[in-house]
């Protein structure tokens with residue numbers, strides 16, 4: 001009996017130990033004790049129930065608590081609910097906090113709401129703050145323009161820009177800056193009477209382009225535009241004139257060929273008409289013997305009349321032969 005009681009007590013103890021282990025496992029799974037101790041050591045008060053709530057809301061506590069500790073050490077007052085809501089919205093909490101710390105150190109006014117909006121808009125808010133402190137240089141490719149004298153001029157520019165944090169949300173990017181500067185370079189070169197003036201004073205390009213306010217509506221502020229290199233390209237004016245002359249020549253040749261073809265066609269048409277008239281003459285001449293035979297049968301003419309007609313024909317043929325034979329002699333033959 002005592003053995004049974006002892007066995008039952010052992011089973012009870014084992015069951016209690018198993019239940020305790022399960023409870024501890026669940027507790028340590030839901031509550032990141034190490035993270036809670038780190039926050040308490042850093043002077044950041046985070047409730048255990050808050051950490052459990054993060055687990056239940058499928059939020060990784062370290063992604064929120066560690067940036068909170070960092071912000072607290074930097075002297076920033078940011079609520080944990082704001083960080084958690086930004087994490088749930090799909091933002092990068094650590095990057096936003098780093099940007100806020102960098103802006104605070106550089107005396108740049110940047111609120112958490114503005115930084116979160118910039119981050120959710122897809123821009124790197126930390127890079128924007130760094131660019132506000134340390135301006136960025138954007139180098140354009142060679143941009144070609146044609147002066148009024150037809151000479152092509154190629155220019156490469158370096159654009160120094162600083163991020164405008166207030167216009168990062170909804171502002172145009174670097175591609176727009178490069179496109180606008182390129183358009184300004186092309187228009188400045190195109191308005192120059194002579195390409196030599198551009199080569200002598202390339203600074204006129206940067207001054208003209210900078211005065212147009214190209215950073216309007218963009219996320220950047222243009223500090224300076226410097227012309228890094230200027231090269232001479234092709235003589236576009238001469239090439240255009242050459243191509244126009246070739247085109248005019250081809251058009252003239254085509255029109256001449258058209259006129260020649262029309263003349264040849266007209267000549268062939270005239271020859272066809274001549275042959276047609278000859279056929280009509282031959283047909284008419286073939287009817288003369290028939291008419292003579294009909295006249296003889298009808299008694300309209302006699303045999304003597306017919307013989308006189310033949311003699312006249314023979315005499316006419318002889319005269320034609322003599323005249324043709326006399327016409328073939330060259331005038332030099334009689335000398």
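The values are calculated or read from the model by the stated rules, or taken from the named source; none is laboratory data. Not measured: the values here are computed from a predicted model. All Cβ positions, even for glycine, are placed from backbone atoms using ideal geometry, and neighbour counts span all protein chains on display.
No other residue among 115, 184 is under 27 Å from residue 210 (Cα atoms), part of a helix (DSSP H, G or I) and touching a helix residue (DSSP H, G or I) at 6+ places or on another chain (Cβ under 7 Å) apart from 184. From the list 105, 58, the lone residue that is at positive phi, exposed (fewer than 15 other Cβ atoms within 10 Å of the Cβ) and over 36 Å from the mean Cα position of the chain (by Cα) is 58.
Per-residue answers, yes or no, for (1) under 26 Å from residue 174 (Cβ atoms); (2) in the same structural domain as residue 53 (by TED's automatic domain parsing); (3) crowded, with 21+ Cβ neighbours inside 10 Å:
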{"position": "82", "(1), (2), (3)": "no, yes, no"}
{"position": "109", "(1), (2), (3)": "yes, yes, no"}
{"position": "115", "(1), (2), (3)": "yes, yes, yes"}
{"position": "124", "(1), (2), (3)": "yes, yes, no"}
{"position": "128", "(1), (2), (3)": "yes, yes, yes"}
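For the range 138-171, the set of residues classified as more than 26 Å from residue 219 (Cα to Cα) and part of a strand (DSSP E or B) consists of 144, 145, 146, 151, 152, 153, 154, listed by residue number. On the given criteria, is residue 200 at pLDDT 80 or above and surrounded by fewer than 21 Cβ atoms within 10 Å (Cβ to Cβ)? For residue 200, the condition - at pLDDT 80 or above and surrounded by fewer than 21 Cβ atoms within 10 Å (Cβ to Cβ) - is not met. For the range 207-223, residues that are part of a helix (DSSP H, G or I) and either more than 20 Å from residue 148 (Cβ to Cβ) or free of Cβ contacts under 8 Å to residues at least 24 places away in the same chain (or both) total 2. Please determine whether any residue of the range 135-148 is surrounded by fewer than 19 Cβ atoms within 10 Å (Cβ to Cβ), in contact with a helix residue (DSSP H, G or I) (Cβ under 9 Å, 6 or more places away or on another chain), modelled with pLDDT under 85 and over 26 Å from residue 59 (Cβ atoms). Yes, there is a match, as at least one residue in the range 135-148 is surrounded by fewer than 19 Cβ atoms within 10 Å (Cβ to Cβ), in contact with a helix residue (DSSP H, G or I) (Cβ under 9 Å, 6 or more places away or on another chain), modelled with pLDDT under 85 and over 26 Å from residue 59 (Cβ atoms). Filtering the range 264-286 for residues that are outside the structural domain of residue 175 (by TED's automatic domain parsing), in contact (Cβ under 8 Å) with a residue 12 or more places away in the chain and either in a strand (DSSP E or B) or more than 30 Å from residue 186 (Cβ to Cβ) (or both) leaves an empty set.
For residues that are within 19 Å of residue 120 (Cα to Cα) and in a helix (DSSP H, G or I), tally how many sit in the range 69-95. Don't jump to the end; show me each part of the working.
So in the range 69-95, the residues within 19 Å of residue 120 (Cα to Cα) come out as 78-95.
Within this subset, residues satisfying the condition of being in a helix (DSSP H, G or I) are 80-88, 93-95.
Matching residues across the range 69-95 total 12.
Quick check on residue 308: is it modelled with pLDDT under 80 and in a loop (DSSP other than H, G, I, E, B)? No.
Return yes or no: is residue 205 over 30 Å from residue 240 (Cβ atoms) and surrounded by 21 or more Cβ atoms within 10 Å (Cβ to Cβ)? Talk me through it step by step, then tell me what you get.
Working: over 30 Å from residue 240 (Cβ atoms): no; surrounded by 21 or more Cβ atoms within 10 Å (Cβ to Cβ): yes.
Answer is no for this residue.
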